[in-house]
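The values are calculated or read from the model by the stated rules, or taken from the named source; none is laboratory data. Not measured: the values here are computed from a predicted model. Calculation scope for accessible area: heavy atoms of the full protein, side chains included, ligands and nucleic acids excluded. Shrake-Rupley method; radii C 1.70, N 1.55, O 1.52, S 1.80 Å.
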Amino acid sequence: YGTPKELMGKPASELYLDLTERQRYMGELFKSKLLTNYGILLKHKSGKAVHVLENVLLHESPHRASTMEGTVVDITAIRQREQGQRDLLNDHRRLLDQLPDAILVVRDGHIAYANPAAVSLFDIGPLMDRPFGETLHAEDRGPIAELLEGLAEEGVAEAVPIRLVAEDGGGRPMVMHASGIRPLGGRAVQLTVRDEEARRWGAGDLEYRP
């Protein structure tokens, strides 16, 4: 708006993008009397959405109309950057979904992502949220867990021999490449697992990194 007078001449309801969201906001304000860092969408003069955080105090009096006092912080640029990061992550995951190699992301010992090739190679059902150790031969679980814990901070481990659990109780030999990554929400390890009998790590192989 061009001037404070122009803005003050607008009904408050016209400054919000979604009237239902505003009604919810007002209901919470009248209930608690104070809102801190309340996220809501305002409407720019052009009609575009403006992401804001509101800190508002409600003043009530039996002899006059209630009033609201507070501050509004524009966080639109922050939300746009966050959306950009999510879009990049989604693009990266779509790429990994199409790769022929088994790709996994392990966070805190559990599988946070597994592409279709990994599900097919491991052949033990759904992998998401499963402890990674359950997919390994019993003798490999301790050493691999220790290795991944160190890589979650920083580093790369190439051509690590591992054995996946097999129905007969034995182990299916594989080769694993692991690298520490920093996805949204903390540290993790990205793994590429290949069938040792089907493919060998070579100098021309690609490394897949976020």
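For this structure, a couple of remarks:
- Pairs of Cα atoms farther than 16 Å apart, the stretch 114-195, %: 52
- In angstrom, the C-alpha Rg and Dmax of the stretch 113-158 are 11.7, 30.
- C-alpha long axis of helix 19-32 to longest principal axis of the chain, angle in °: 80
- Descending Cα extents along the principal axes, the chain, whole Å: 82, 35, 29
- Heavy-atom accessible area for T76, with the other protein chains in place and a 1.4 Å probe, reaches approximately 20 Å².
- Taking the three principal axes of the alpha carbon atoms in the stretch 47-91, the coordinate ranges are 58, 20, 14 Å, sorted in descending order.
- The eigenvalues of the Cα gyration tensor, multiplied by 5 and square-rooted, give the stretch 61-148 an equivalent ellipsoid with semi-axes of 46, 19, 12 Å from largest to smallest.
- √(5λ) per eigenvalue of the Cα gyration tensor, the stretch 22-101, largest first, Å: 40, 14, 10
- For the chain, the number of Lys pairs separated by eight or more positions or lying on different chains, with C-alpha atoms closer than 20 Å, is 5.
- The accessible area of R194, taken with all protein chains in place and a 1.4 Å probe, comes to roughly 10 Å².
- Solvent-accessible area of D195 with every protein chain in place, 1.4 Å probe, in Å² to the nearest 10: 50
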